[in-house]
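The values are calculated or read from the model by the stated rules, or taken from the named source; none is laboratory data. What you are looking at is a predicted structure, and each value in this text was computed from that prediction instead of being measured. Positions of Cβ are generated from backbone atoms using ideal geometry, with glycine treated the same way; all protein chains shown enter the neighbour counts.
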């Protein structure tokens with residue numbers, strides 16, 4: 001394990017007992033997460049990603065394998081030592097899980113209270129954190145008076161109260177609308193940058209990974225099937241599960257009889273009518289097979305899959321036209 | 001009305017006794033029922049610390065005492081009452097069966113209130129490194145507070161109606177007056193006044209409980 005690895009999971013297996021049947025949730029997982037990463041773990045529901053994140057802070061105890069956090073094997077710790085260690089691992093949830101009977105600032109002092117910090121110190125820390133998440137004016141509100149995005153900000157402030165080294169996010173944006181999701185993700189990115197907190201994001205949404213993560217692991221059927229830099233995995237997915245996640249469910253039904261290309265918009269190009277311009281300028285027609293693009297602050301994000309026309313020259317013309325505009329182009333004819 | 005003014009001292013004393021019996025019994029029943037209810041929750045198989053045998057025993061005790069009709073229990077435990085209070089009649093003697101009947105009931109009320117607490121919040125507290133004790137005191141009891149107050153309003157009115165039954169065997173209070181004057185001497189007026197006073201006491205206690213519950217709830 002290199003010195004800048006903060007979490008190292010080896011051979012982790014977890015099964016559940018339900019109605020006398022054993023159900024395997026995770027099978028022989030190996031995973032390394034480096035300090036300062038924003039590490040995404042993506043998979044469809046039931047893939048085991050929520051169990052995996054709960055095995056990191058031992059809310060679920062693995063059946064076998066080790067979870068080495070900051071040089072210590074958590075699976076070897078006593079309950080008491082583990083409670084201590086959890087203060088270094090913050091966690092936020094899909095449903096926010098705030099204490100509804102406590103004011104916002106008292107929600108944030110809660111982990112400090114548990115840790116035995118004095119009331120005054122805890123309060124001043126809470127107010128500082130509220131400032132960080134942009135909710136200074138809500139200190140005395142109750143959670144029920146806040147919007148979903150505000151609740152998640154409070155949850156983030158609460159998770160950061162004990163100065164954790166790692167922040168676990170379990171579907172943290174899945175209950176939020178797209179605009180609020182972007183705000184919360186931007187806040188996570190900022191926290192990662194300014195506080196150096198390693199962030200692990202569990203999600204089923206590719207857009208979340210694209211937006212903030214630098215690393216991604218694809219989990220499918222209780223196993224990690226692909227892992228690497230987001231840009232690599234996104235542009236050249238190797239596993240079936242990853243392709244399915246990135247191309248969407250419907251793609252397989254369409255037949256790609258000829259050569260197809262995937263154009264990835266990663267935010268480096270402006271939101272222009274690329275396909276229309278391409279057709280007009282190259283004089284070649286293409287068939288759009290799949291498109292999912294978004295305009296974020298004037299930048300294009302997402303992807304388009306096009307079917308290329310017959311003839312090698314026409315195809316080359318189109319590909320080089322796209323590459324000239326710094327778009328990532330990749331042949332995907334083999335996915336049908 | 002004349003009869004009420006004539007016997008005002010008796011009615012005041014009766015109301016006082018009823019309140020004394022009810023409130024003291026409720027207090028003691030909570031001293032026993034609260035830890036019992038918490039134990040039922042945390043030793044449950046989905047609880048913080050599942051202990052199967054303890055959970056089975058506690059559930060059995062609660063169920064047994066919950067199924068004995070109060071009037072039967074009252075008579076049945078007379079020897080116990082005499083051993084604790086020294087006599088088997090009077091206001092203080094009534095408190096013993098009241099507590100024995102009410103404590104398991106209170107335990108169930110506590111259990112159902114705490115069960116309402118969102119499991120996600122408990123998980124969040126665990127993720128912060130909270131101990132079981134901290135989860136019980138700072139999460140379960142504090143998040144269930146409004147529901148616990150509603151439960152106590154239910155408990156206090158139930159115990160009050162039990163206390164009227166205790167009057168039947170010389171337990172004192174408004175129930176005693178209603179029995180002695182209304183039942184044995186056919187004095188309908190005194191009986192009716194007793195009933196009205198009982199209704200007023202129940203309403204007042206219930207409203208106080210509900211008001212506290214509403215005031216304490218920060219969810220809306």
Worksheet item: residue A:93 versus (1) surrounded by fewer than 17 Cβ atoms within 10 Å (Cβ to Cβ); (2) over 30 Å from residue B:212 (Cβ atoms): which is the lone unmet condition?
Response: (1)
Worksheet item: For residue B:77, all conditions in the list (1) free of Cβ contacts under 8 Å to residues at least 60 places away in the same chain; (2) within 30 Å of residue B:141 (Cβ to Cβ); (3) crowded, with 18+ Cβ neighbours inside 10 Å hold save one; what is the number of the exception?
Response: (2)
Response to the item:
Looking across the range A:68-77 at residues that are part of a helix (DSSP H, G or I) and touching a residue at least 12 places away in the same chain (Cβ under 8 Å), the single one that is farthest from the other protein chains (Cβ to nearest Cβ) is A:75
Practice prompt. May I ask you to say which residue of B:153, B:125 is within 14 Å of chain A (Cβ to nearest Cβ) and part of a helix (DSSP H, G or I)?
Written response: B:125
Item to complete: Please determine, by comparing only the residues of the range A:104-118 that are more than 25 Å from the chain's Cα centre (by Cα) and within 8 Å of chain B (Cβ to nearest Cβ), which one is surrounded by the most Cβ atoms within 10 Å (Cβ to Cβ).
Response: A:110
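Only one of A:65, A:90 is facing chain B (nearest Cβ under 10 Å), part of a strand (DSSP E or B) and touching a strand residue (DSSP E or B) at 6+ places or on another chain (Cβ under 8 Å). Can you tell me which?
On the way: A:65 fails: facing chain B (nearest Cβ under 10 Å).
Matching residue, one of A:65, A:90: A:90.
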Practice prompt. Look at the range A:119-149 and say how many of its residues are in a loop (DSSP other than H, G, I, E, B) and more than 13 Å from chain B (Cβ to nearest Cβ).
Written response: 5
Worksheet item: Within the set of pairs 6+ apart or on separate chains, which have a first residue in the range B:46-71 that is free of Cβ contacts under 8 Å to residues at least 12 places away in the same chain, a second that is exposed (fewer than 10 other Cβ atoms within 10 Å of the Cβ) and part of a loop (DSSP other than H, G, I, E, B), and C-beta atoms under 9 Å apart?
Response: B:52/B:45
Worksheet item: How many residues, within the range A:21-46, are under 20 Å from residue B:123 (Cβ atoms) and in contact (Cβ under 8 Å) with a residue 60 or more places away in the chain?
Response: 4
Worksheet item: Any residue at all in the range A:53-61 that is surrounded by 18 or more Cβ atoms within 10 Å (Cβ to Cβ) and either more than 14 Å from chain B (Cβ to nearest Cβ) or over 25 Å from the mean Cα position of the chain (by Cα) (or both)?
Response: no
Discussion item. I need the strands (runs of 3 or more DSSP E) fully contained in the range A:160-231, keeping only those with at least 3 residues that are within 14 Å of another protein chain (Cβ to nearest Cβ).
Written reply: A:166-170
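Give A:17, A:12 a once-over and let me know the one that is under 12 Å from residue A:224 (Cα atoms) and more than 19 Å from the chain's Cα centre (by Cα).
Only one candidate qualifies: A:12.
Consider the range B:137-165. How many of its residues are within 20 Å of residue A:114 (Cα to Cα) and in contact with a helix residue (DSSP H, G or I) (Cβ under 8 Å, 6 or more places away or on another chain)? Full working, then the answer.
Going through the range B:137-165, the residues within 20 Å of residue A:114 (Cα to Cα) turn out to be B:137-145.
With the extra rule that they be in contact with a helix residue (DSSP H, G or I) (Cβ under 8 Å, 6 or more places away or on another chain), the set shrinks to B:138-141, B:143-145.
Summing the residues that are within 20 Å of residue A:114 (Cα to Cα) and in contact with a helix residue (DSSP H, G or I) (Cβ under 8 Å, 6 or more places away or on another chain) in the range B:137-165 gives 7.
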Practice prompt. Could you please find all residues in the range B:81-121 being within 14 Å of chain A (Cβ to nearest Cβ), in contact (Cβ under 8 Å) with a residue 24 or more places away in the chain and assigned to a helix (DSSP H, G or I)?
Written response: B:113, B:114
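Let's see how each residue does on (1) assigned to a strand (DSSP E or B); (2) modelled with pLDDT of 80 or more:
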{"position": "A:255", "(1), (2)": "no, no"}
{"position": "A:261", "(1), (2)": "yes, yes"}
{"position": "A:265", "(1), (2)": "yes, yes"}
{"position": "A:269", "(1), (2)": "yes, no"}
{"position": "A:272", "(1), (2)": "no, no"}
{"position": "A:281", "(1), (2)": "no, yes"}
{"position": "A:288", "(1), (2)": "yes, yes"}
{"position": "A:293", "(1), (2)": "yes, yes"}
Worksheet item: Taking residue A:151 and the conditions (1) without any contact (Cβ under 8 Å) to a residue 12 or more places away in the chain; (2) under 23 Å from the mean Cα position of the chain (by Cα), which numbered condition does it fall short on, given that it satisfies the others?
Response: (1)
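Specify which of the listed residues (A:80, A:106) is assigned to a helix (DSSP H, G or I) and at pLDDT below 95. Show your work before the answer.
Details: A:106 fails: at pLDDT below 95.
On inspection, the qualifying residue turns out to be A:80.
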Practice prompt. Report yes if residue B:130 is part of a loop (DSSP other than H, G, I, E, B) and crowded, with 22+ Cβ neighbours inside 10 Å, otherwise no.
Written response: yes
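Taking residue B:183, is it crowded, with 18+ Cβ neighbours inside 10 Å, modelled with pLDDT under 95 and touching a helix residue (DSSP H, G or I) at 6+ places or on another chain (Cβ under 9 Å)? Before you say what the answer is, go through the steps one by one.
Values: crowded, with 18+ Cβ neighbours inside 10 Å: no; modelled with pLDDT under 95: yes; touching a helix residue (DSSP H, G or I) at 6+ places or on another chain (Cβ under 9 Å): yes.
No, not satisfied.
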